[in-house]
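The values are calculated or read from the model by the stated rules, or taken from the named source; none is laboratory data. Only a predicted model underlies this, so the values are computations on that prediction, with no experimental measurement involved. Positions of Cβ are backbone-derived with ideal geometry, glycine not excepted, and every protein chain shown enters the neighbour counts. Remember, those area values only see protein heavy atoms, side chains included, never the ligands or the DNA or RNA. Shrake-Rupley method; radii C 1.70, N 1.55, O 1.52, S 1.80 Å.
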Amino acid sequence: MALLPILTYPDPRLHTVAMPVAVVDDRIRRLIDDMAETMYAAPGIGLAATQVNVHERVIVIDITEDRSQLLAFVNPEIVAAEGFEVTEEGCLSVPGIYDKVERAATVKVRALGRNGDSFTLDADGLLAVCIQHEMDHLKGKVFVEYLSQLKQNRIKTKLKKRERATA
Ligand code: GNR
Ligand code: NI
């Protein structure tokens with residue numbers, strides 16, 4: 001297992017569109033394991049491969065308090081979505097920034113698991129939010145892009161300044 005470095009907004013690599021995974025093999029299982037370790041260490045409740053500069057459709061999520069329910073999604077697709085809900089979101093690639101985003105309240109997602117088996121999952125609440133947040137990463141979209149241009153510019157300035165301070 002290995003900790004992977006997480007890209008920070010506004011890194012242009014965060015806008016890469018991820019490719020579908022052709023085969024769920026040992027390489028993908030190793031990626032899932034490394035992403036899980038990285039997510040737990042951060043700590044975060046989800047991580048998309050895009051954030052660790054791997055541009056393949058893989059996400060991991062664990063929204064439990066005791067970090068006991070790891071979910072891995074390969075080639076996830078939202079097959080149904082209902083309702084709307086606004087939630088305060090954060091992102092490991094946009095450290096220290098939190099703001100409200102509107103998303104579907106419930107989603108049905110279909111994906112492959114770590115053994116290549118297809119499954120579907122009905123999600124609501126924080127899990128539904130997290131699935132949509134991670135799937136946006138795979139499309140090259142970061143949650144701050146839902147905010148006003150003024151807020152996006154302020155966030156860019158703040159994070160670039162902070163990067164200079166820690167370099
Ligand atoms: O750790 C995370 N917390 C979070 C809180 C509210 C909505 C979404 C998230 S996802 C985030 C981890 C992350 O950046 N995943 O891409
Ligand atoms: Ni994120």
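For residue 3, what accessible area in Å² do you get when you roll a 1.4 Å probe over the heavy atoms of the protein chains, rounding to the nearest 10?
Answer for residue 3: close to 110 Å² accessible.
Just need the relative contact order of region 34-167 here, percent rounded to a whole number, with Cα pairs under 8 Å and 6+ apart.
20
Helix-derived [θ] at 222 nm for the chain: sum -39500 (n - 2.57) over DSSP H runs of at least 4, divide by residue count, nearest 500? Numbers along the way, then the final one.
Values: 3 runs with 48 residues, N = 167.
After summing the helix terms and dividing by residue count, I get -9500 deg cm²/dmol.
Compute the acute angle (0 to 90°) between the alpha-carbon long axis of helix 149-166 and the principal axis of greatest extent of the alpha-carbon atoms of the chain; round to the nearest 10°.
Taking Cα atoms only, the helix is inclined about 90 degrees.
If Lys and Arg each add +1 and Asp and Glu each add -1, what is the summed charge of the other residues whose beta carbon sits under 11 Å from the beta carbon of residue 57?
Net charge in that neighbourhood comes out at -2.
Loop by DSSP (not H, G, I, E, B), at most 13 other beta-carbon atoms within 10 Å: where is the longest site-free stretch of the chain for chymotrypsin sites (Phe, Trp or Tyr not before Pro)?
So the longest stretch without any such site is 1-83.
Share of the chain's accessible area from carbon and sulfur, percent, 1.4 Å?
53
Taking the Cβ of residue 15 as the center, what net charge do the other residues with Cβ under 12 Å away carry, scoring Lys and Arg +1 and Asp and Glu -1?
Every neighbour counted, the sum reads 0.
Greater than 22 Å separation of Cα atoms is the criterion. Which listed pairs, 108/156; 100/158; 139/161, meet it?
Details: 108/156 33 Å; 100/158 18 Å; 139/161 27 Å.
Check vs 22 Å cut-off fails for 108/156; 139/161.
Using only Cα atoms, locate the centre of region 3-66 and the centre of region 119-167, then give the distance between them in Å, rounded to an integer.
Distance between centres, Cα-based: 14 Å.
What is the helix-to-structure angle for 26-41, meaning the angle in degrees between its Cα long axis and the longest Cα principal axis of the chain, kept from 0 to 90 and rounded to the nearest 10?
Approximately 50 degrees, to the nearest 10.
In Å², and per residue, what accessible area does region 43-106 have when probed at 1.4 Å with the other protein chains present?
I get 47 Å² per residue for region 43-106.
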